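Data block below; observations after.
The values are calculated or read from the model by the stated rules, or taken from the named source; none is laboratory data. Owing to the predicted nature of the structure, the values given are computational and were not obtained by experimental measurement. All Cβ positions, glycine included, derive from the backbone under ideal geometry; neighbour counts span all protein chains shown. Accessible surface areas use protein heavy atoms only, side chains included; no ligands, DNA or RNA. Shrake-Rupley method; radii C 1.70, N 1.55, O 1.52, S 1.80 Å.
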Amino acid sequence: MRIFLTGATGFIGSAVAQELLQNGHQVLGLTRSEAGEVILRAAGGQPHRGDITDLDSLRRGVEQCDGVIHTAFDHDFSRFVENCRKDARVITALGEALKGSDRPLLITSATPMGMTTPDRPAREDQFNPASPNPRVASELAGEQTLQAGVDVRVVRLSQIHDTVKQGLVSDVVALAQRTGVSAYVGDGLNNWSAAHVTDAARLYRLALEKGQIGARYHATAENALLFRQIAEAVGRGLSLPVLSLSPDEAAKRLGHLAAFAGKEMSASSEITRRQLNWTPTGPGLIADIEAMLARSSERRGDA
C-alpha cells in the first residue's frame, strides 16, 4: 500500500515509516522542510511538503495514497488544550478527504482515553467521551469521522521510548536535571504504561494490515510501572536525591508534569495482542532510562 504518513520525520513517525518501508509499503511523508525531505528520501520514502495547519496540503497527500497514518502532534504542553483541538481539526480534514472510499485512516491517541474509572487499567474496548483529558478531542473527531463512513482505527500510545526519548519521562528527566531532585507525588504508587518505539511502529503496521474498522489498539508492552520506580531510576542515573512531593507541592514544582505525575496511567493491551498477534520484543522503559543516563554520564566524565 502507498501510505500518507503525517509526522513522518518525528520520533514515532520516523519509526513507523521505517517499519512500513521494510515490509513492502510505500510512504508519502508529510514534512515542513527541506531537511525533512532529505531524511525521507534517505529512508526510502517520498516527501510531501506541507503542514498539519495547512489542510489543503493534507487533502493533496490523501488523494495520492491508499491509506493514512496520522502520527503528527504538537507537543507544546503550554498550549496542550489548543493543540488537542488542532489535532481534532486535522483528523476531520483527513476524514473528509477519505469519504466515499474504503481507505483506512489510523489516528493516534493516548491510552488514558480507555480508562473509565481511576482504579482500573485502560482497555481498548472502553472510551470515556466525557474525559477531562484534552486528548479526548482526537477520539471524538475520530468517532465522528467513523460515523460519517470512514474506516477509522485508533492507536493509543503509552510512554513510547528508546534510549533517546521516553515520552513524558523525557520531561521527568529534564525537570530532575533542572531542579536537582527526581520527584514523585505522594507514595508514588500510581502506575504508568510503556512500549518501545519499535514495538509501537510495528503495531501501527499491524493495525493497518489487519485492523478492524472502528477498533482501538494499545501500544502497551509494560502495563503497570510504578511512577516511583521511574523517579528512582532517573535519580540513580543522574546521581540525584529522590523526593516525595505532596499534591500541592507537585502543582507548584512540576510544571505541566503536575497534571500527569500523580495520575494512574496503567493500560491493558490484551485485546491488541490477541487481535493483531502483536508481541512486544523491545527493551523495557527502565532499561532504556538507565542506558540513556549511563551514556550521558560517560559523556560528562569524558568532558
Looking at 68, 81, 62, 27, can you tell me which residue is open to solvent by less than 10 Å² (accessible area, probe 1.4 Å) and farther than 20 Å from residue 96 by Cα? 27
Does segment 161-169 contain at least one residue that is open to solvent by 20 Å² or more (accessible area, probe 1.4 Å), out of contact with any strand residue (DSSP E or B) (no Cβ under 7 Å at 6 or more places or on another chain) and farther than 24 Å from residue 202 by Cβ? no
Are there any pairs with C-beta distances below 8 angstrom linking a residue in segment 266-280 that is within 14 Å of residue 201 (Cα to Cα) to a residue that is open to solvent by 20 Å² or more (accessible area, probe 1.4 Å) and hydrophobic (A, V, I, L, M, F, W, C), with the two at least 6 apart or on different chains, and if so which? 280/221
Looking at 190, 223, can you tell me which residue is in contact with a Pro (Cβ under 7 Å, 6 or more places away or on another chain) and either at pLDDT 95 or above or open to solvent by 10 Å² or more (accessible area, probe 1.4 Å) (or both)? 223
Just to be sure before I move on: is residue 14 surrounded by 14 or more Cβ atoms within 10 Å (Cβ to Cβ), within 19 Å of residue 92 (Cβ to Cβ) and polar (S, T, N, Q) in the structure I sent? no
When (1) without any contact (Cβ under 8 Å) to a residue 60 or more places away in the chain; (2) over 21 Å from residue 68 (Cβ atoms) are applied to residue 118, the one that fails is (1)
Near pairs, Cβ below 8 angstrom, 6+ apart or cross-chain, from segment 159-180 (in contact (Cβ under 8 Å) with a residue 12 or more places away in the chain) to any residue that is polar (S, T, N, Q) and open to solvent by 40 Å² or more (accessible area, probe 1.4 Å): 162/198
Assess whether residue 28 counts as being in contact with a Gly (Cβ under 8 Å, 6 or more places away or on another chain) and over 23 Å from residue 158 (Cβ atoms). yes
